[in-house]
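Visitor: Please read through the structure below; I'll follow up with questions.
The values are calculated or read from the model by the stated rules, or taken from the named source; none is laboratory data. Predicted model only: the values in this text are computed from it and were never measured. Ideal geometry is used to build each Cβ from the backbone, glycine not excepted, and the neighbour counts take in all protein chains shown. Areas reflect the complete protein model, heavy atoms only, side chains present, ligands, DNA and RNA absent. Shrake-Rupley method; radii C 1.70, N 1.55, O 1.52, S 1.80 Å.
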Amino acid sequence: MSRISACVMVLTIVALGLLCTDAAAVSCCRKYTKGMIPMSLIKGYSIQTITRSCHINAVIFHTNGGKNICTDPSKGWVMESIRKLREKVQAINKKNSKA
Amino acid sequence: MINDSSENYNYGDYYEGAVEPCSVESRQKLENFLRLFIHPIICVAGFIGNSLVIVTYALYKRTKSMTDVYLLNVAIADILFVVALPLIIYSEQHSWAMGNMSCKLLRGIYSVNLYSGMLLLACISGDRYLAIVQARRSFRLRSSTLLYSHLVCAAVWLLALLLSLPTFIFYERYENGLTESTFLFNNNTIMEEIQYVCSFKFESNETARMMKTIVPSSQVAVGFFLPLLIMGFCYSSVIVTLLRAKNFQRHKAVRVVLTVVLVFVVCHMPYNLVLLYHTINLFEQQECSHEEAVALTMTITESLAYLHSCLNPLLYAFIGVNFRNHFRKILRDIWCLGKNYMSARRSSRVTTEMYLSTRRSMDYSNNENGTSFTM
């Protein structure tokens with residue numbers, strides 16, 4: 001019995017070891033940046049909501065410097081920045097469709 | 001020129017105060033270590049221990065008392081847990097390739113067994129309370145209504161299922177990452193590999209807030225504090241009664257009771273306290289270092305709670321004299337089967353002796369009157 005147990009244990013450990021790779025992990029904002037981000041630095045944004053694995057709602061601005069900045073979606077400047085960004089995207093798409 | 005200076009100033013000044021999403025790297029490393037070295041041991045030990053309990057009951061002991069019914073159900077709950085856990089780990093490593101149904105099923109089973117396992121331990125303490133503290137009053141009840149414990153077990157499993165409905169409903173397999181990403185230039189977007197997670201997913205913020213609060217709160221309340229209260233009351237009464245008794249075995253019995261309660265508290269209280277703390281602060285802004293410390297602590301204490309699944313067979317089943325006798329009988333019969341196979345050509349006299357031996361064992365079984373608590 002102990003021999004069988006040892007074999008089962010070793011096999012299970014080996015099996016789980018083979019299966020062990022990095023699982024998909026979620027990086028979430030947990031706090032908001034206090035200051036405003038200049039519009040000229042922003043190249044994109046993403047929306048974080050509490051309806052999934054994260055626990056606060058946030059807007060994440062992606063900047064030219066490679067930073068992902070957590071901001072408070074209840075702030076007026078944040079929604080204004082998103083609106084301007086969307087306008088820029090639409091303008092760029094319009095220009096590309098003309099070409 | 002002035003504009004350039006101003007922009008550079010904003011650039012440098014701004015980034016110093018930037019707040020970014022929290023890193024999950026250190027928690028990831030710890031989880032990988034636990035999954036590679038700790039959880040396999042727990043799952044194997046739990047599978048072996050609980051399998052032996054179930055086999056012993058199924059083949060030899062039968063369920064003659066209320067406690068036996070509860071013990072069998074605890075073993076079933078624990079073995080389902082140690083089977084579901086490696087499947088969950090495998091699925092998480094492989095983007096839940098088995099699909100949405102396996103996501104709901106495995107997470108749901110995990111939740112059901114958490115509740116049923118804990119509540120059944122409380123039932124065992126209640127049964128022991130009736131047997132020892134209310135001995136005269138409960139004798140007729142306990143001996144004549146084995147059905148009672150079956151009904152209680154059915155109620156426990158049903159309650160566990162009801163409390164786990166939110167998990168069955170809201171856990172989904174979905175693409176990892178943030179929603180609604182927009183970039184000025186598509187070629188700037190980093191091409192990340194799509195990964196899937198199995199986690200809560202809600203339709204609205206209101207539902208999310210409610211469920212993210214209710215689910216862990218009920219887990220702490222019904223899955224830990226309620227059993228703790230019941231066990232605390234019942235076993236305290238048992239200890240008081242045992243200490244007043246003149247039975248020469250009483251000190252050993254008291255030690256067993258204290259061990260059972262202590263292991264329960266040590267295994268489950270740390271995780272439930274951290275979960276409670278985490279739930280209270282769930283929707284507040286926090287520093288990443290704080291979030292990381294809480295997450296690491298939850299991961300460690302959760303593994304400690306898993307440990308209870310493979311300790312239960314030792315604490316509850318194998319500690320009883322009757323159960324150990326039956327288990328030894330299993331080993332003896334296995335040994336005899338082996339010898340019988342090797343000596344298949346022997347005379348019928350050996351067969352006759354084996355028959356008589358079996359009959360004596362049955363007679364001995366019928367004469368047992370101790371409970372699983374007798375040591």
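Visitor: What number of residues within segment B:85-105 are more than 14 Å from chain A (Cβ to nearest Cβ) and in a helix (DSSP H, G or I)?
Guide: Of the residues in segment B:85-105, 5 are more than 14 Å from chain A (Cβ to nearest Cβ) and in a helix (DSSP H, G or I).
Visitor: Moving on to the next point. A:Arg83 fails exactly one of the following numbered conditions: (1) more than 7 Å from chain B (Cβ to nearest Cβ); (2) farther than 18 Å from B:Ser23 by Cα; (3) assigned to a loop (DSSP other than H, G, I, E, B). What is the number of that condition?
Guide: A:Arg83 satisfies every listed condition except (3).
Yes/no matrix, rows are residues, columns are (1) without any contact (Cβ under 8 Å) to a residue 12 or more places away in the chain; (2) within 7 Å of chain B (Cβ to nearest Cβ); (3) not in a strand (DSSP E or B):
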position: A:Tyr32; (1), (2), (3): no, yes, yes
position: A:Gly35; (1), (2), (3): yes, yes, yes
position: A:Tyr45; (1), (2), (3): no, yes, no
position: A:Cys54; (1), (2), (3): no, no, yes
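Visitor: Now, a different point. Please determine, by comparing only the residues of segment B:270-304 that are of a type in the set (Asp, Glu) and touching a helix residue (DSSP H, G or I) at 6+ places or on another chain (Cβ under 7 Å), which one is farthest from A:Thr71 (Cα to Cα).
Guide: B:Glu302
Visitor: Moving to a separate point now. Just to be sure before I move on: is A:Val59 aliphatic (A, V, I, L, M) and in contact with a helix residue (DSSP H, G or I) (Cβ under 6 Å, 6 or more places away or on another chain) in the structure I sent?
Guide: yes
Visitor: Kindly indicate whether B:Phe323 is at pLDDT 70 or above and over 30 Å from B:Arg27 (Cβ atoms).
Guide: Yes: the conditions hold for B:Phe323.
Visitor: If the Cβ limit is 7 Å and pairs must be 6+ apart or interchain, which residue in segment B:269-295 that is closer than 14 Å to B:Gln219 by Cβ pairs with which residue that is part of a loop (DSSP other than H, G, I, E, B)?
Guide: B:Leu282/A:His55
Visitor: Continuing with the same structure: Which of the residues that make up segment B:71-98 are modelled with pLDDT under 90 and under 14 Å from B:Cys153 (Cβ atoms)?
Guide: B:Leu71
Visitor: Can you confirm whether segment B:253-268 contains a residue that is open to solvent by 60 Å² or more (accessible area, probe 1.4 Å), within 13 Å of another protein chain (Cβ to nearest Cβ) and over 16 Å from the mean Cα position of the chain (by Cα)?
Guide: Looking for residues that are open to solvent by 60 Å² or more (accessible area, probe 1.4 Å), within 13 Å of another protein chain (Cβ to nearest Cβ) and over 16 Å from the mean Cα position of the chain (by Cα), one finds none in segment B:253-268, hence no.
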